[in-house]
Each structure stands twice: as structure tokens, then as C-alpha cells.
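Chemist: Below is a structure I'd like to ask you about.
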Amino acid sequence: MPLDHRRLRGPEESQPPALWAGTAAEDEEDEEGAGAVPRDPCALRPLFARAGLLSQAQGSAYVELGSGTKVLCAAWGPREAAEPGPGRLLCEFRRAPFAGRGARGRPGAAAEREAEREAAAALREALEPAVRLGRYPRARLAVSALLLQDGGSALAAAVSAAALALADAGVEMYDLAVGCALCRPPAPAASWMLQPAEPEERRAAARLTLALLPALNQVSAVLGGGRGGPPEDWAQALRLGLDGCHRQYPVLRQSLLRAAQRRDAAAAAGAAAAAATSA
């Protein structure tokens, strides 16, 4: 019998790969189980921040949380506005196509656009009290936030990154706005926890995002909802969020200081090179 050389000969006995591949539901349960490991609700996740990354923007910042959330922001200083009046802050929030877990809906869908508009409005609400818009009459300030990876607490990370980018652009501000997210698990006696991961946010009975101006000790925005319990529990969540913002503030301030030092060093090196060339 002639052999068929057009196809590869497999083993005589085989099993379909579906028997060894877990279902999507099982994978999700495994991830949720891993994310449900008890942790200190008052513990902050590791925070990395760096300002002055993008050369195409006047100011920029990158913020990454230990849960995997990554946000990149760009800011532009005052530009002349067509209509008279006080200065305006324009905010944009976008999600990268690869930011979320699992399957993603069609890019540009109505639900996705609406979610991005709501996040941009929340970002503007948190940042406006921090910017001295009265110093920029008939001008526009713009900030754009791009969510590269959503590991939870994305809006809070975007608030911190956007404030850092505005300060890096040289915009006059009262203080840096620091964002902090909290959630409450569905268990009856569960306590609020700081900086929830994406599985914790998905299962939460209540969520809260807080924006604070630490140097002024002024809350610029409080966004949240859900079944958080009596008012005393919400007050406890606010106190926990304020403490979290105060603990993140030195990291952001040091990042801004390092960016200014790098900029000064680059300017000094350029001036020295120009002087040596002219000599």
C-alpha cells in the first residue's frame, strides 16, 4: 500500500487536547482563589512612579502598582482657547486594547466609549481642585491617560499619574493629587481593603476611589458606590483611604524631584557642550 507523504502520521492512539485544557471558568476560579489569599487590608501595594518619560509631551508620568496596573500619562501646558473665560482642564482616559483580562469587546464600542468618558470625567473632577486654573485665563490645559494594564485600582493610579504629569509640564498647582482605591468584599463581616486587585474589585460589594491633596489635607474627589454598610463603615473607609494617600505622597514627590534633577543635569550638559563647541 503506497504511503501518503502529504500529511504527518500521528500516533495510533491519541486523545483530544480538550481533555487536558481547563475551561475558562475553571481558570477564572483559580485566579480568584489566588487573589483571595488573606492579606493585611491596610497594606499598600508596591508603587513605582517616574516623571519625564515622553519627549513629545511637555510633561509625562508613568505609574505602576504591585497588582499589575500600569498607567502612562502625558500633559500639555496652556494653549490659547477660542472662547473667553477662565482656564479649562481637558482630560482624556483611554484603555489599551490589551489592558484587560480575557476577551475584549469590539474596539470603539458604545459601552467602552461610555466607560472611558466616565473615567475622564472622574479624572477631571479629581484634578481640577489641584490646578491653579485662575492663573491661565482663556487657556486650555490637557492631560491624557492611557491604561496599559488593568490590574485593579486603575482610576486611582490614573489620578496620581495625571497629577504628576501636569506638575512635570510646569503647570502651577496647589498640590499633587494622590489617588487611592478601596473595596469591601461581599462577606458580612469583611473590612475595607486598600488598593484592591482586579479580581477583588470584580467580587467587591462596594468600591471607593479617593483623591487627596496631602499638603493641604484637602479631599478633591470621592467616587464610589455599592453596599458598604452603615455610615460608620464608609467613614472608616475614608480614614483608611486618607492614610493610604498620605503614605503614597512621598514616592510621587520624590519622583518629581528626580525628574527635575535629570532635566537640570541635561540642560547643564547641553550648555557645557555648546560652550566647548563655540570655544
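Chemist: Taking R247 as the residue in question, decide whether it is farther than 21 Å from D40 by Cα, of a type in the set (D, E, K, R) and either in contact (Cβ under 8 Å) with a residue 24 or more places away in the chain or assigned to a helix (DSSP H, G or I) (or both).
Modeler: Here the answer is no, as R247 does not meet what is asked.
Chemist: Anything in the stretch 236-279 that is open to solvent by less than 60 Å² (accessible area, probe 1.4 Å), under 24 Å from the mean Cα position of the chain (by Cα) and more than 19 Å from A49 (Cβ to Cβ)? List them, or say none.
Modeler: Correct list: A237, L240, L242.
Chemist: Right, something else. In the stretch 17-61, which residue that is at pLDDT 55 or above and under 15 Å from R203 (Cβ atoms) is surrounded by the fewest Cβ atoms within 10 Å (Cβ to Cβ)?
Modeler: P38
Chemist: Going by the conditions given, is P196 farther than 16 Å from E128 by Cα, open to solvent by less than 60 Å² (accessible area, probe 1.4 Å) and either of a type in the set (A, V, I, L, M, F, W, C) or in a loop (DSSP other than H, G, I, E, B) (or both)?
Modeler: Yes, satisfied.
Chemist: Further, regarding this structure: If S220 meets every condition in (1) outside any helix (DSSP H, G or I); (2) free of Cβ contacts under 8 Å to residues at least 40 places away in the same chain apart from one, which number is that one?
Modeler: Tallying (1) outside any helix (DSSP H, G or I); (2) free of Cβ contacts under 8 Å to residues at least 40 places away in the same chain, S220 fails exactly one: (2).
Chemist: Now a separate question. Would the stretch 48-58 turn up any residue that is more than 30 Å from A265 (Cα to Cα) and within 16 Å of the chain's Cα centre (by Cα)?
Modeler: No, every residue in the stretch 48-58 fails to be more than 30 Å from A265 (Cα to Cα) and within 16 Å of the chain's Cα centre (by Cα).
The values are calculated or read from the model by the stated rules, or taken from the named source; none is laboratory data. These figures come from a predicted structure and were not determined experimentally. Ideal geometry is used to build each Cβ from the backbone, glycine not excepted, and the neighbour counts take in all protein chains shown. These accessible areas exclude ligands, DNA and RNA; they are computed on the full protein's heavy atoms, side chains included. Shrake-Rupley method; radii C 1.70, N 1.55, O 1.52, S 1.80 Å.
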